[in-house]
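Here the structure is laid out as structure tokens; the discussion comes afterwards.
The values are calculated or read from the model by the stated rules, or taken from the named source; none is laboratory data. Bear in mind that the values here come from a model prediction, so they are computed numbers and not experimental data. Ideal geometry is used to build each Cβ from the backbone, glycine not excepted, and the neighbour counts take in all protein chains shown. Side chains are part of the model used for accessible areas, which takes the heavy atoms of the whole protein and leaves out ligands, DNA and RNA. Shrake-Rupley method; radii C 1.70, N 1.55, O 1.52, S 1.80 Å.
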Amino acid sequence: MSAAARRRTGGAATGSRVLLCAPLRCEAVALRGATGSPVLRTGLGPWRSARRVAGVPLGPEDAPVLLGLGGGVGDTGPGAVVVVDEDRDEAGSVRLPGAAGLAELLRGAGFPVLVGPVASADHLVGGVERAAQATTGVVAVDMESAAVARSAGDRLCAVVRVVVDTARTPLLHPRTADRGLRALLRLRRLAPAVTAWAASSRRCRPATTDHPR
């Protein structure tokens, strides 16, 4: 990442080669100061996030990582840390080969980690859609990770989501605020381990499989 890009994303020119990408303002606030790496708020939804990431010049040694909140599918409950091994959307899928190694590291640090595919959509995914996704092996849903994976090309190092809502405990629920705060605190606590892993790991180039919409 160039010096100018680091200034735009809030990091020092001599800082880490890892760029933490957070779609929502609350996620970005939670991550800022958790590590020495710059934090890029990409914005809500696939198109906004893709444009924001594509607009940051990435050097050969830069490693973007997407960290944020997500929705659980099937038995994935609130508070679970999902390390994504495949991002899926209507255009196809992007595989992240480094997921198993990162998950092992986070489990060793005491986090409740689940590895699996995430389905990205351009809208909030409701209970009926989540039930259908569960039959395909998807463990969580979000709105940005597949688009960010394509924008980052072969540089995306990892995607990690902390689950807030599920089909049984949707966003419109009395305990959403409490679950959301706990998830943001967990996101902040795991950020140093994810950043250190991304900075020291050899490049794990994502494998993309596209198909027509």
field: Dipole-positive endmost among Ala152, Ala109, Ser120 within the stretch 104-188 (Cβ charges, Cα centre)
entry: Ala109
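Would you rank Asp122, Asp178 by solvent-accessible area, highest first, keeping every protein chain in place and using a 1.4 Å probe?
Asp122, Asp178
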